[in-house]
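The values are calculated or read from the model by the stated rules, or taken from the named source; none is laboratory data. Please read all numbers here as calculations on a predicted model, not as lab measurements. Here the Cβ is made from the backbone with ideal geometry for all residues, glycine too, and neighbour counts use every protein chain on show. Note: areas computed on protein heavy atoms with side chains; ligands, DNA, RNA excluded. Shrake-Rupley method; radii C 1.70, N 1.55, O 1.52, S 1.80 Å.
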Amino acid sequence: MSDNDNWAPPTPGGPGDTRRPEPGSGASEGEPEGGAAGGQAGAPVPPVGQQPQAPFGQYAPPAQASDPLVTPAPSALPAQPQYGQYAPPPAPPVTPAQPQYGQYAPPTAPPSVPPAGQYPPPPAGQYPPPPAPPYGPNGAYPPPLGSATASAPAQPQYGQYAPPQPPAAPQYGQPGAYPPPPAYGQAAYGQPAYGQPTYGQPAYGQPTYGQPGYGQPAYGVPAYAQQGYQQPGAQGWAPPPKPGLIPLRPLGFGTLLGAPFQVLRRNPKATFGSGLIVQLVIVIVTVLFVGAAAVWAFSRAANVASADADAVNSGNVAILLVSALIPLALSLFASALLQGVLVVEVARGTLGEKRRLGELWRAAFRRILPLTGWFALLALAVLIGVALIIGVIVLVAAIGPGAIVVGVLLGLLLGAAITALFVWLGTKLSLVPSVIVLEKAGVGTAMRRSWQLTAGNFWRTFGVIALVYAILYVATQILSTPISFLLPAAAAIVDPNNTGSGIVAIGAIYLLFVAFTIVISAITSVIQASTIAVIYIDLRMRKEGLDIELTRFVESRQSGLDDWPDPYLPRQRG
C-alpha cells in the first residue's frame, strides 16, 4: 500500500509479489523442482481432489468437472453399507436446549412474512394454495397497483391521438353515483325482497318447472288444476261486497230468512221503536173508542124500557161497529206508515247507512197517501170476501131449514177458494209497498211492477213469506200461551171469593199481559215488513242487476261523489 492509501500493484520481488518465478529467472538453485509446479516454497499442498487456491490478487481458474474415476476422500462422503448389511439409523434431529426453571428462554425467530401478493408456505401435511391467475389483458385479474407488472400506459408522442380516458367514478351523492343504501325493510337494488324468490327460482312450496305439486300427479291432470295455476275464468275473483245488511248479490234462501231478523238487531232504536210506537197508539185508540162505546151501550141497555129494548139493542150494535171503524182506519194508516219506515230502513241499510227514527219517519211520510190507499184496498178486499161468504150462507139457509147445512158447507168451500185467491194475489202483489216507497210510483203502477217482479218467482216468494210468518206465529204462541193460562190462575189466587178486593192486583196483571202483547206485536210487525223489503231487493238484483247499481253507488260515495242518483229509482229506458 502507498502512503496516500491508494492501491498499487505489487512490485516484482517485493513483499506483496506472489507470482511464480519463471524458469531461468534467477531462482535459487537449491529450491526443489516441485516448487515450480506447486507454487512458492512453503505453500500448503491442497488435498487430493480439490483445486489449489489462487494466490492473493490473482483470478482463480475455473473449477474442473469432477472425475468419476477419482474416489473422494473417506471423510468427504458417509460410509455406504455393504451388500447384506443394515444401514445405520439417521442421526436424531438436534433440539435446542430447554432453559431451566428461573432462566430466560432465548427469543424465538419471528415468523417469516411472505412478500406482498404471495401466500405463506403451507404447514406440513396441507396442500399449497392455488396459483394466482395471470395478469394482463387475457388474465382474470388486473395487476395490483404498485406492482412491477402494472406498468403505466404509454404516453402518446407529439402529434398522435391520445386514447380515450375511462370516466372517473362519481363521488357519493353526485348524479350518477351509486344509489344510497336501502331503508330498513326494503330490499337492495337487484336483490329480491324477503320471502320472494329470485329470478328463475320457484317460490317456497311451489314446484319447479316440469315437476308436479305435492300430492298431485303430473300426468292426466289439467293445466289449471296443477300447482301454481287457477281454473280458467276464476282469476281475479273476489267475494261480492257487503257494505251493510246483505251482500250485493242475489240472495240465497237462508239469507232471505235471516236478513229480516238482522234488521231488528242492526238498528233496534229506529225499527223496534217504530213498531212499538205504532202498536201502542193502536191499542190506546182502540181502548179509548171501543171502551167508551161499550160503556155507553151498556148504560143505555141498563136504563131502557122493555118496549124499546129491541130498538136500543140495535142502536148499541151500530155504536159498537162505528166505534170499531175508527181503530180500523187508524190501524191501516199505522200499518202503512210502519211498512214505509221498514222499507226505507232495509234499502238504506243495504247501502251501509244507519238512519235515525226521525229520518225514517219523514221519508215514509212522503209516500203515506199511496201507502194508505193500498192498505185500504186490502181491507176492502177482505171485507168483500167475508161479506160474500156470509151472503152465500144466508141465502142458502133461507131456502129452508134443511138447507142450513148445505149453506155452511158451501160457505166453507167458498171461504177456502177465496183464501187461496187471496194468498195468490197477496203473493203477487206483496211488493207494492216497496215499489211505492222506493220507486215513487202510484198504486196502479206499483201493482204492475210487483206482478212483473214476482213472475217466475212465485213459489220462492211465497215460501219465504209463509215460513217467516209461521216462525213468528209459533214463537208468539209459545210465549203468550203460558201467560194466558197464568192470568186466570193469578186472578183466582188474588181474589178467590170474587169479592172485588183484588181488583187492583188483577188490573195490574192484565196490564202486564197487554204490555207483553204490545211488545210481541211490535217485533212481529217489524220482521214481517222487513221480509217484504228484502224480497223486493233480491228480485230486482236477480232480474234487473240492481246489485251493480248498488255497488257503483257505494264506490262513488267512498270516492267522495255525492251527486250519484238514487240507485233504487227505475232506469230510464232509451
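Table for the structure above
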read-out	value
Region 411-505: translational diffusion in µm²/s, Stokes-Einstein, Kirkwood Rh over Cα pairs, 25 °C, 0.890 mPa s	141
Solution diffusion estimate, µm²/s, Stokes-Einstein, region 271-426, Kirkwood Rh from C-alpha pairs, 20 °C, viscosity 1.002 mPa s	112
Segments 481-489, 315-323, 431-439 sorted - mean Cβ within 10 Å per residue, highest first	431-439, 315-323, 481-489
Theoretical FRET efficiency, 1/(1+(r/R0)^6), r = Cβ-Cβ of A292 and I503, R0 22 Å, to 0.05	0.65
Size of electric dipole in region 456-549: Cβ of Lys, Arg +1 and of Asp, Glu -1, about Cα centre, debye, nearest 20	180
Scattering curve values for region 375-457, log₁₀ I(q)/I(0), Debye with Cα scatterers, q = 0.11, 0.14, 0.18 Å⁻¹	-0.43, -0.59, -0.77
Per residue convex hull volume, Cα atoms of region 514-558, in Å³	64
FRET E, pair T481, D562, Förster distance 60 Å, beta-carbon r, rounded to 0.05	0.70
Orientation-averaged projected area, Cα convex hull of region 311-358 (nm²)	3.8
Stretch gain in nm, segment R356-K269, where the contour uses 0.36 nm per residue and the Cα spacing is subtracted	30.5 nm
Pairwise FRET efficiency - R448 versus I493, Cβ, R0 = 60 Å, nearest 0.05	0.55
Lysines with Cα under 23 Å of K242, excluding same-chain neighbours fewer than 8 positions away	K269, K354, K543
Whole-angstrom gap from region 342-397 to region 264-326, using each part's C-alpha centre	21
Calculated diffusion of region 337-383, Stokes-Einstein form, Kirkwood radius summed over Cα pairs, 25 °C and 0.890 mPa s, µm²/s	215
Extended-chain gain in nm, criterion 0.36 nm per residue less alpha-carbon gap, V406 and V304	32.8 nm
Region 372-417, accessible surface, carbon-and-sulfur percent (1.4 angstrom probe)	92
Dipole magnitude (debye, nearest 20) for region 231-372, charges at Cβ of Lys, Arg, Asp, Glu	900
Listed residues D538, D562 arranged by accessible area, highest first, probe 1.4 Å	D562, D538
Long-range tail of P(r) for region 237-330 (Cα pairs > 15 Å, %)	73
